[in-house]
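Asker: Have a look at this one.
Just so it is clear, none of the values below were taken in a lab; they were calculated from the coordinates. Note that the coordinates shown come from a computational prediction; the quantities given were computed from them, not determined experimentally. Positions of Cβ are generated from backbone atoms using ideal geometry, with glycine treated the same way; all protein chains shown enter the neighbour counts.
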């Protein structure tokens, strides 16, 4: 039997670690490409429509439609920038560097902003959006972090809802805190995946089984951001709503 050379085990471990790091970088790059592709493609389409509108119509007749296209393009650019911020914030949330800066917020403002940001997607897919929240409800939270939780969950619910389906948003306060529930009337998430779906690399692992399981970094960010508030997030089925993401915040 040939004796192992000194340092071989360490070299192999270092090689394995380097290989694992490269794989994680590859996976992260795949997530970024997946998440940025849709808003950037939509921006391209809106800008093409804007060019056509301004070319074929005098500015006094075409300005209403032109500005509408510009508004939609700006919304999508902001969504793409938000995805970049999510990637950066995930690392800081993991390391405990980014903390929730709590302040009183009218939660309806965050919901309406996220709803308006997904207006084009709702219209294209003929989705109904139901919002059930007290317009005067004030919740202590980090406005920026929680706004992006709401944006991610509404976008996710719209993306995976059936065409001409329904997206529902409800906020409740009880003795244990505040519950924000956002979902759709699509199929439920299998019980075997309900915990794993919030993992950082769930999308790539699930891609082999189902293209519809691709969720990107959004749900992982939501988990970290909810925990930064001292809260939790899970997914469940509620009546006709197959996939409802529930964020619980203590008070």
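Asker: Any idea what % of Cα-Cα pairs in region 68-148 are farther than 14 Å?
Answerer: Numbers: 2297 of 3240 pairs.
Tail of the P(r) past 14 Å holds 71 percent of the pairs.
Asker: If packing is taken as the average number of other Cβ atoms within 10 Å across a peptide's residues, how do 142-155, 38-51, 125-138 rank, most packed first? Mind dumping the intermediate values first?
Answerer: Working: 142-155: 22.6, 38-51: 15.7, 125-138: 13.4.
Listed from highest to lowest mean packing, they are 142-155, 38-51, 125-138.
Asker: Does region 103-249 come out rounded, prolate or oblate by the C-alpha gyration tensor, with a ≥ b ≥ c the root eigenvalues, rounded set by a/c under 1.5 and, if not, prolate when a/b is larger than b/c and oblate if not? Kindly include the intermediate steps, with their values, before the conclusion.
Answerer: Working: a/c = 1.67, a/b = 1.25, b/c = 1.34.
Verdict is oblate for region 103-249.
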